[in-house]
Amino acid sequence: MRRPFAHVTEDDDTNIDMTPMLDIVFIMLIFFVVTASFVKETGIDINRPQAKTAITKETANIKIAIDGNDAIWIDRHQVDERSVRPLLERMHMENPQGGLIVQADRRSTNEKLVQVMDAARQAGITSISIAASEK
């Protein structure tokens, strides 16, 4: 009669198959990348005006900065005012539920702020906020 496992000896190395664990790790990585919310930062420091009623808003995914020289910044790049609307349309198509936060420097002009807000409304963005620091 044959003994089961007779061909296995003490000298044989036993290996553990790591493929299922690696599959799970890669699936989890893909899940976290797909569900992550990527916030586009403006890339410059803004001296925001102060407001007593300033609140933190976490839902906006599009940020635009207007510096003290009225230059417009999106995603760490200075952009021309004519290209603001097409860029906002593209960013709004990527995230239709996202809102817009305009970070205007206290030395920037009101005219540039209104131009950016108008371009955002023309791009279909309805949730527009102006950033301020708390007093």
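The values are calculated or read from the model by the stated rules, or taken from the named source; none is laboratory data. This one's a predicted model, so the numbers in the text were calculated from it and none came from an experiment. What goes into the accessible areas is simple: the full protein's heavy atoms, side chains included, and nothing from ligands, DNA or RNA. Shrake-Rupley method; radii C 1.70, N 1.55, O 1.52, S 1.80 Å.
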Worksheet, complete the sentence: Counting sequence-distant residues (5 or more places) and residues on other chains, those with an amide H built under 5 Å from that of Gln103 are Ile64, Ala65, Ile66, Ala131
Response to the item:
Taking protein heavy atoms only, a 1.4 Å probe, and rounding to whole percent, the accessible area of the range 63-131 owed to carbon and sulfur comes out at 45
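Ile130 to Asn69: extension gain in nm, 0.36 nm per residue of separation minus the Cα-Cα distance? Please report the intermediate quantities before stating the final value.
Details: separation 61, 0.36 × 61 = 21.96 nm, distance 1.77 nm.
Length gained between Ile130 and Asn69: 20.2 nm.
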Worksheet item: So how exposed is Arg76, as accessible area in Å² (1.4 Å probe, rounded to 10)?
Response: 150
